[in-house]
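Trainee: Starting off with a structure, shown below.
The values are calculated or read from the model by the stated rules, or taken from the named source; none is laboratory data. Just so you know, these numbers come straight off a predicted model, no measurement behind them. Using ideal geometry, Cβ is built from the backbone for each residue, glycine included, and neighbour counts are taken over all protein chains shown. Side chains included, ligands, DNA and RNA excluded: accessible areas come from the protein's heavy atoms. Shrake-Rupley method; radii C 1.70, N 1.55, O 1.52, S 1.80 Å.
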Amino acid sequence: MNIFGHRKPSLLRCLVAAVLLLAFAGLAGAAPATAPFPRAGVLEYKVYMGEYTKGIALGRARIQVESDGRNYRLRNQAELIGLLKLFYQGVWIDQSRGRLGPDGIEPERYSEWRRTKPERWIGVDYDARRVQVKAVPEGLALRAGAQDRLSVLWYLGMVARGNPELVSAGKVFEVPLLTFRSINIARFESLGEQVLPTDAGPLRAIYLSYREKGEKPSGIEVWLGIEQQMQPVRIRYREGDSETFDMVLEGTKGSQ
């Protein structure tokens with residue numbers, strides 16, 4: 001059967017069609033342009049329960065940013081302050097490490113330590129194109145551009161620096177997000193530029209928000225500091241309808 005009608009397609013027409021198909025396929029799978037990974041340094045935050053302008057200060061967090069140009073490591077360590085420290089022992093640690101590829105951050109291992117609980121982790125094998133998680137023994141198929149809970153914040157900042165149009169007000173930017181059970185598509189919506197009042201002075205930032213769907217929606221909101229290499233100056237984690245943890249930048253060491 002000739003699907004082109006009565007005339008047989010010429011070799012030239014076939015070649016043109018093939019080139020167009022390849023071009024469109026390349027555009028569909030193309031990763032956004034990203035700026036280089038930020039310089040090494042430490043970002044220090046105050047942690048609140050609830051909205052930081054109204055909530056209660058619970059603790060402090062330090063995020064270490066490390067890179068040798070080929071590999072990176074992000075380590076977020078939080079601990080309680082004041083009387084709470086007497087009743088709740090241990091620290092909260094998130095760590096992401098991996099390599100820096102042509103399309104930006106490529107996480108290879110994400111780890112969580114919650115107080116005295118054992119490590120939970122996610123591993124990524126780029127050669128096999130698989131993601132290892134304890135809940136799925138056979139693993140998960142890797143999706144291009146996948147990020148973990150910590151690396152995604154720096155990935156968004158690198159995209160914002162490399163292609164600002166993608167995070168302009170009203171735009172929606174999708175990122176495959178690694179979890180301990182699956183790979184979700186996180187749709188970050190840009191709410192444009194905001195100015196955050198803080199004890200250290202006003203911070204100009206681009207506000208991006210991602211909320212999961214469900215009965216008890218959770219999500220991540222991040223404010224990327226315009227004068228801080230688009231690194232997070234505020235991070236808000238929503239755990240269901242009731243719990244909100246707000247991290248606000250207090251200062252930096254070596255990263256500016």
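Trainee: Answer with yes or no whether residue 201 is assigned to a strand (DSSP E or B), open to solvent by less than 40 Å² (accessible area, probe 1.4 Å) and at positive phi. Lay out the reasoning, then the answer.
Mentor: On the way: assigned to a strand (DSSP E or B): no; open to solvent by less than 40 Å² (accessible area, probe 1.4 Å): yes; at positive phi: yes.
No: the conditions fail for residue 201.
Trainee: Filter the range 41-79 down to the residues that are out of contact with any strand residue (DSSP E or B) (no Cβ under 7 Å at 6 or more places or on another chain) and of a type in the set (D, E, K, R) and list them by number.
Mentor: 54, 68
Trainee: Answer yes or no: is there a residue in the range 89-96 that is among the hydroxyl-bearing types (Ser, Thr, Tyr), closer than 26 Å to residue 35 by Cα and part of a strand (DSSP E or B).
Mentor: The answer is yes, given that some residue of the range 89-96 is among the hydroxyl-bearing types (Ser, Thr, Tyr), closer than 26 Å to residue 35 by Cα and part of a strand (DSSP E or B).
Trainee: On the basis of being under 25 Å from residue 51 (Cα atoms), modelled with pLDDT of 95 or more, open to solvent by less than 40 Å² (accessible area, probe 1.4 Å) and more than 17 Å from the chain's Cα centre (by Cα), does residue 196 make the cut?
Mentor: Considered against the rule, which asks whether it is under 25 Å from residue 51 (Cα atoms), modelled with pLDDT of 95 or more, open to solvent by less than 40 Å² (accessible area, probe 1.4 Å) and more than 17 Å from the chain's Cα centre (by Cα), residue 196 comes out as yes.
Trainee: One residue is enough: does the range 226-238 have a residue meeting the conditions surrounded by fewer than 22 Cβ atoms within 10 Å (Cβ to Cβ) and at pLDDT below 85?
Mentor: yes
Trainee: Just a yes or no: is a residue in the range 119-134 at pLDDT 95 or above, out of contact with any Pro (no Cβ under 9 Å at 6 or more places or on another chain) and among the polar types (S, T, N, Q)?
Mentor: Yes: the range 119-134 contains one or more residues that are at pLDDT 95 or above, out of contact with any Pro (no Cβ under 9 Å at 6 or more places or on another chain) and among the polar types (S, T, N, Q).
Trainee: When only residues in the range 168-182 that are among the β-branched types (Val, Ile, Thr) and either open to solvent by less than 30 Å² (accessible area, probe 1.4 Å) or assigned to a loop (DSSP other than H, G, I, E, B) (or both) count, which is farthest from residue 111 (Cα to Cα)?
Mentor: 175
Condition check ((1) out of contact with any His (no Cβ under 9 Å at 6 or more places or on another chain); (2) of a type in the set (Val, Ile, Thr); (3) open to solvent by less than 30 Å² (accessible area, probe 1.4 Å)) across all residues:
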{"site": "47", "(1), (2), (3)": "yes, yes, yes"}
{"site": "51", "(1), (2), (3)": "yes, no, no"}
{"site": "59", "(1), (2), (3)": "yes, no, yes"}
{"site": "67", "(1), (2), (3)": "yes, no, no"}
{"site": "71", "(1), (2), (3)": "yes, no, no"}
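Trainee: Here's another thing I want to ask about it. List, please: which pairs have Cβ atoms under 8 Å, are six or more places apart or on different chains, and start with a residue in the range 68-80 that is closer than 8 Å to residue 92 by Cα and end with one that is loosely packed, with under 14 Cβ neighbours inside 10 Å and of a type in the set (Lys, Arg)?
Mentor: Cβ pairs passing all conditions: 79/85.
Trainee: Hey, could you check the range 81-105 for residues that are modelled with pLDDT under 90 and among the hydrophobic types (A, V, I, L, M, F, W, C) and say which is most open to solvent (accessible area, probe 1.4 Å)?
Mentor: Restricting attention to the range 81-105, the residues satisfying the condition of being modelled with pLDDT under 90 are 81-91, 101-103.
Among the residues that remain, those that are also among the hydrophobic types (A, V, I, L, M, F, W, C) are: 81, 83-84, 86-87, 91.
On the way: 81: 53, 83: 130, 84: 62, 86: 125, 87: 154, 91: 40 Å².
Of everything passing the filter in the range 81-105, 87 is most open to solvent (accessible area, probe 1.4 Å).
Trainee: For the range 131-167, enumerate the residues that are under 24 Å from residue 227 (Cβ atoms), open to solvent by 10 Å² or more (accessible area, probe 1.4 Å) and under 10 Å from the mean Cα position of the chain (by Cα).
Mentor: The answer is 155, and nothing else.
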